[in-house]
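First up is the structure itself, then whatever we jot down about it.
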Amino acid sequence: MKLVKENIHYLLLLSSVFFLWNPSKFGVDDGYFYPQIAYNIVNHGFMGFNDLYLTNGFHPLWMLFCVIAEGINFLGKGLLIYILWFFQVIFIVLGYRLFEKTMFKDSGIGKVLSLAAYCLLFFSLGTLYLTEAHLVFFTIALLLYFLCKKYTNDFIFGFICSLVFLGRLDHIFIIIPLGFFYWKERAWSFTSILKILLGFLFLTGPYLLSNLYLFGDIVPISGKIKSSFPVMKFDPPFGFIPNVCIVLGCLYLLFLTFAKNVSYRWIKILYVVGSFMHLFYNLFFQAQIGQWYFVSQYIFFGIFIYDLAEKIQFRIVKKAVPYIAFSVVLILFVCLVGGLKLTTNLSLAYNVFNSESKFEKKPKELLQGLAEDLVHVIPKESRIYVYDFPGRFAYYSDFNFVPADALVANPVFFNEINSFRFKDYLQKNKIHYLLLPTHISPKRKSVDFMGVEVKRSENKENVFYFKNTMSKKIVDSMDENDLIKVKAYLNPGKSWQPFYDSVTVYKLKINK
């Protein structure tokens, strides 16, 4: 019975298996950028999302593991995301084990509650699969483990900080307060800081220099597009997830300020402070942020849950039988959410805490179905300019998709769309097909995406405005007279984008 009680919480990891039954229902579109680029690196020797543009629009450490996964992949492209799923489960297990050796050391209800929270966020809800999130969880856990154990190897500390940074570049804000804490413990030694910097630059130095050499800037293209720094944008309310992060972060700081005998108290305070710095940078200087931007906050959720549970001391579940029963209920709940994600269009942001879309049963993934049908509509190896969801479309079809948002392009793309009429740009690069939204909701006159805006004209035809996502300016427009309709589909992203009813494949009219 003791053995069961000490290990039953690991059964929460069963919630990850739902991904295996239908990966396209779980992986977010940005996550599919990674296996697509990794596939091209290993099989075509080209670091690009498509065959047009070399790119650095990704976080490098997770891309390294994606390349490793593709390197050991022996059954074609379809197996790659299952290997990545396995990596991601391992990263959560390893990260959680590091927490168990330090912050979650005492056995109790806090353990099962914290792991349930992590499994719900990283597995069951399905909004983080294929992104860098699980690797980031491990790198942050490793950094906190190093500090909690009071290790004093300066070079190794700097190296671990570089792993956190390369796992997700904006986590530099987490590193800063924790770095000062470590340096203070080293008695403010300048020799120490030199060693830390050497450890940090061992991997980050070559990465930043390669960005500068290949792309003309140390900041990757996706970061340049999404960041408005130093110009602040202020547009509250921030949304359900950021608001929850702010409230729970403030509550945790209050808890850490007034609660007595909390282990590793200053490390936790500084981590939450760094996480707040990271959060507010994203809210005030970043655009189009997704749930994978909040991993640093998700981590302190679990730590807060553990500390709160240990402080309250749930005596009713101290004995083995009630504890096991409580754990089983949590396991069933977390797995139930995973099952709902598999069979419905469950979304916290759109139909649980919002009414933008209707909660309904959807056993099939429409984005994958559309991508797979394109092989019957468009000639093989065509290039397709796409308004959104390029990751899934490219992964499940093998076409060369050119995303309108340009997050996986490079400066050449922006130079060309600024220099040519957009139709000429398409012709020059042999992009003969476009996939664009149509049948805009009668309640709206237009639908706006990062790289494309669609408006209805007076004769009810669509006019497409194409944007330079770096400058945030419209560079040109085309109406449907410039295009040939090939095939229309029901909107495959209706759960998240309910304001248009269909998407249409167009063929460009070629000038002779």
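The values are calculated or read from the model by the stated rules, or taken from the named source; none is laboratory data. It should be emphasised that the depicted structure is a prediction, and the values quoted were computed from it without experimental measurement. Positions of Cβ are backbone-derived with ideal geometry, glycine not excepted, and every protein chain shown enters the neighbour counts. To get the accessible areas, we keep the full protein, side chains included, count just its heavy atoms, and leave off ligands, DNA and RNA. Shrake-Rupley method; radii C 1.70, N 1.55, O 1.52, S 1.80 Å.
Quick look at the values:
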item	result
Of the criteria (1) surrounded by fewer than 21 Cβ atoms within 10 Å (Cβ to Cβ); (2) more than 30 Å from residue 21 (Cβ to Cβ), which one residue 290 fails	(2)
Yes/no for residue 170 being open to solvent by less than 60 Å² (accessible area, probe 1.4 Å) and over 19 Å from residue 142 (Cβ atoms)	no
Subset of the stretch 62-72 (residues that are open to solvent by 20 Å² or more (accessible area, probe 1.4 Å) and touching a residue at least 24 places away in the same chain (Cβ under 8 Å))	65, 67, 71
Unique match (being open to solvent by less than 10 Å² (accessible area, probe 1.4 Å) and aromatic (Phe, Trp, Tyr)) among 10, 34, 53	53
Qualifying position, being within 27 Å of residue 372 (Cβ to Cβ) and modelled with pLDDT under 90, among 464, 499, 449, 401	499
From the options 159, 86, 155, 138, residue that is open to solvent by 40 Å² or more (accessible area, probe 1.4 Å), under 22 Å from residue 334 (Cα atoms) and in contact with a Gly (Cβ under 9 Å, 6 or more places away or on another chain)	138
Selection status of residue 225, open to solvent by less than 60 Å² (accessible area, probe 1.4 Å) and touching a helix residue (DSSP H, G or I) at 6+ places or on another chain (Cβ under 8 Å)	no
Verdict on residue 470 being assigned by the TED database to the domain that holds residue 421, hydrophobic (A, V, I, L, M, F, W, C), under 22 Å from residue 406 (Cβ atoms) and not in a strand (DSSP E or B)	yes
Residue 449 being in contact (Cβ under 8 Å) with a residue 40 or more places away in the chain, among the aromatic types (Phe, Trp, Tyr) and closer than 25 Å to residue 210 by Cβ	no
Residue 459 being part of a helix (DSSP H, G or I) and at pLDDT below 95	no
Which listed residue is under 18 Å from the mean Cα position of the chain (by Cα), within 22 Å of residue 301 (Cβ to Cβ) and in a helix (DSSP H, G or I), from 178, 135, 147	135
Matching option when the condition is of a type in the set (Ser, Thr, Tyr) and in a loop (DSSP other than H, G, I, E, B), among 96, 129	129
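Okay, residues lined up against (1) under 25 Å from residue 32 (Cα atoms); (2) in contact (Cβ under 8 Å) with a residue 60 or more places away in the chain; (3) among the polar types (S, T, N, Q):
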{"residue": "252", "(1), (2), (3)": "no, no, no"}
{"residue": "258", "(1), (2), (3)": "no, no, no"}
{"residue": "263", "(1), (2), (3)": "no, yes, yes"}
{"residue": "266", "(1), (2), (3)": "no, yes, no"}
{"residue": "274", "(1), (2), (3)": "no, yes, no"}
{"residue": "288", "(1), (2), (3)": "yes, yes, yes"}
{"residue": "291", "(1), (2), (3)": "yes, yes, yes"}
